[in-house]
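Notes to accompany the following structure.
The values are calculated or read from the model by the stated rules, or taken from the named source; none is laboratory data. Source: prediction; values computed, not measured. Reconstructed Cβ throughout: ideal geometry from the backbone, glycine too, with neighbour counts over all protein chains shown. Just the protein is used for accessible areas: all its heavy atoms, side chains included, with ligands, DNA and RNA removed. Shrake-Rupley method; radii C 1.70, N 1.55, O 1.52, S 1.80 Å.
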2 protein chains.
Amino acid sequence: MTRRDALKIAAAAAALLITGCDKAPAPETAATPAQASAPAPAPAPVLPSWNDGAAKSRIVEFVNAVTQEGGADFVAPADRIAVFDNDGTLWSEQPLYFQFIFMLDQLKAAAPKHPEWNNDPVFKALQAHDVAALGKLGQEPILALLAKANSGMTVADYDKSIRDWLATAKHPKFQRPYTDLTFLPMRELLDYLRANGFKTFIVSGGSVEFMRPWAEKAYGIPPEQVIGSQQEVKFEMKDGTPVLTRGPKFAFIDDGPGKPVGIYRSLGKRPIAAFGNSDGDLQMLEVTAAGEGKRLALLVHHDDGEREFSYDRESHIGKLDKAWDEAKAKDWIVVSMKSDWKRIYAFEK
Amino acid sequence: MTRRDALKIAAAAAALLITGCDKAPAPETAATPAQASAPAPAPAPVLPSWNDGAAKSRIVEFVNAVTQEGGADFVAPADRIAVFDNDGTLWSEQPLYFQFIFMLDQLKAAAPKHPEWNNDPVFKALQAHDVAALGKLGQEPILALLAKANSGMTVADYDKSIRDWLATAKHPKFQRPYTDLTFLPMRELLDYLRANGFKTFIVSGGSVEFMRPWAEKAYGIPPEQVIGSQQEVKFEMKDGTPVLTRGPKFAFIDDGPGKPVGIYRSLGKRPIAAFGNSDGDLQMLEVTAAGEGKRLALLVHHDDGEREFSYDRESHIGKLDKAWDEAKAKDWIVVSMKSDWKRIYAFEK
């Protein structure tokens, strides 16, 4: 995903803040809550929710090549590093990054304690649904205000606020918990890579705190393999007890050129496979693809407006433009959600 | 370890920079290069290089308690997080943090390309061995100059410079590679914890780059479980190739109050066991010990001047003063290297 287009995001955010997503359509094909949990026969089919085609074939070919001992493309297990963007790559990101929806809910909840916000032009514009004013203000003050909503909280209280929200909030289109909206084919891909000795990482523009509570259950990715943006955190003694409290600013933005930096900081290795869906993933894909030996770079294209959402070059969220051009020029894999995936969500059918 | 006492560190640094450690004594008991690699009988003895005593008993008692299913102190495997300081806790740190020795060597090597350093008061003081001048300059400009020595390098070149140095440099007292100076009893402790379902992390004031190339082999700790200080890194396109280059400043100092922050950033969980040796580990130990349920906080006390080094409250490196008082007040485990450890290094005997 990309976080660069704040004016448009803010407009969408403002709409959500006010309307509370009340245009929600009926949930899709929710008749059976089946989780596809039947034990697989031996040998388990590879990537069962993927249709046969170039995307699937190229993934399997890559994995076979780098895992074949003695082969020209063999990569030792310690170097089989695969990195995945989260928003738009492993789960949905429309009509607004889910974390932004959480932050707006949090801002609304915190507003009564912050009468000074009534004079804050950003808050006033958000409250008044004033898209033109938000456009003039730009990205910095909007992110700054969102961060202020949890500034001063202990990390434990902040964690609880996220868990509480995730347990109750529902997506406006699907009327389901946001954590239901992970992509089944990508979860299969994560399992498939790990079964072949890969270590899998999330590398997201979103905050680490927003992903860690559910990433292990949903994706099999433990907390230290979740790389993301970081708000300031400070050690303090409060009444003789050591606590960590949140500051009002971001210390690191793990997006665009920040993604390879975040990978380097957390891991110190160049991945051999990278998966994204937007211009915010471009540099991560470039760095991965530029390494020596066989590499895999893949983009998920959101072209299924019926089962999910359809958007690319002109989207305010998850804009796919430059990275798409680069994918074509460099022959990276571009996955069509519409034609490459039999199912998108586990709750389908 | 602590990095706060730069004046004294700089003095020691200056001494090393000039003398090249030429006061090296004879290596100790290096007659047999045995690695204690004989296969252990079943069941393997627990912590074989530890003498029986309170320290060992309390460690074993803690592990038994948190792993006993159904017991009052049981902790699920996902929450069995153990954090280890590196310098002075997992390997030696005298006469100077080994990374500082590397950085000084690097500074000397880079000096011919930086004629402007001849007018830099820090460099002049280092070259002239002028301890009084270094004392007046303070910590900031000294660290800044050390960081400049590799500023602008690609991360790949920097990694190579570290590996090359580690492959050739020798410790002045033991005349062995620095990576030989890990503590055998602590390596056994890491193995023992992992065998009991713990996940083990390094949390060091040192830079991640300096540890990751050898931490997995030496300690069984993979790169994403190495938390440390971070110099700035920047994404750039150079001649059409994406590269990461090092900036001239530190982005994060993982020491003292920075350690619990570093743990939070990398992992988002509170450890249940923490191991350190100096005041730089105090806050990490405090945060660990303050959690609910059974906790383990342990300090390694360097009291064996014959087999290793003897130092604590007055040391310029690895000062153990406030943390020692806290350990006594809170009944944390204090390990005597002299009496609790049968062997310190694997090459002994």
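Side notes on the structure shown:
- Scanning the range B:313-326 for residues that are closer than 10 Å to B:SER278 by Cα and surrounded by fewer than 17 Cβ atoms within 10 Å (Cβ to Cβ) yields B:ARG313, B:ASP321, B:LYS322.
- One residue from B:ILE272, B:ILE333 being touching a strand residue (DSSP E or B) at 6+ places or on another chain (Cβ under 7 Å), away from chain A (no Cβ under 12 Å), among the hydrophobic types (A, V, I, L, M, F, W, C) and within 26 Å of A:ARG246 (Cβ to Cβ): B:ILE272
- Yes/no for A:GLY256 being touching a residue at least 12 places away in the same chain (Cβ under 8 Å), more than 8 Å from chain B (Cβ to nearest Cβ) and surrounded by fewer than 23 Cβ atoms within 10 Å (Cβ to Cβ): yes
- Residues of the range B:275-290 classified as within 12 Å of another protein chain (Cβ to nearest Cβ), open to solvent by less than 10 Å² (accessible area, probe 1.4 Å) and not β-branched (Val, Ile, Thr), total: 2
- Number of residues in the range B:210-225 that are under 23 Å from A:THR200 (Cβ atoms) and either within 8 Å of another protein chain (Cβ to nearest Cβ) or not aliphatic (A, V, I, L, M) (or both): the value is 10.
- In the range A:190-206, the count of residues that are under 27 Å from B:PHE201 (Cβ atoms), surrounded by fewer than 17 Cβ atoms within 10 Å (Cβ to Cβ), more than 11 Å from chain B (Cβ to nearest Cβ) and in contact with a strand residue (DSSP E or B) (Cβ under 7 Å, 6 or more places away or on another chain) is one or more.
- Out of A:SER266, A:SER229, sole residue that is open to solvent by 20 Å² or more (accessible area, probe 1.4 Å) and either at pLDDT below 95 or facing chain B (nearest Cβ under 10 Å) (or both): A:SER266
- The helices (runs of 4 or more DSSP H) located wholly in the range B:269-345 that include 1 or more residues which are farther than 24 Å from A:PHE235 by Cα and in contact (Cβ under 8 Å) with a residue 40 or more places away in the chain occupy B:337-340.
- Residue tally, condition open to solvent by less than 40 Å² (accessible area, probe 1.4 Å), more than 18 Å from A:ILE59 (Cβ to Cβ) and over 19 Å from the mean Cα position of the chain (by Cα), over the range A:327-347: 1
- Of all residues in the range A:77-106, those that are within 14 Å of chain B (Cβ to nearest Cβ) have Cβ atoms under 6 Å from Cβ atoms of residues that are open to solvent by 10 Å² or more (accessible area, probe 1.4 Å) and of a type in the set (Lys, Arg), 6 or more apart or on another chain, in A:ILE81/A:LYS199; A:ILE81/A:LYS269.
- Residue within the range B:58-81 that is part of a helix (DSSP H, G or I), crowded, with 22+ Cβ neighbours inside 10 Å and in contact with a Lys or Arg (Cβ under 7 Å, 6 or more places away or on another chain) present: yes
- Test: residue in the range A:116-136 that is in a loop (DSSP other than H, G, I, E, B) and either more than 27 Å from the chain's Cα centre (by Cα) or under 22 Å from A:MET284 (Cβ atoms) (or both): yes
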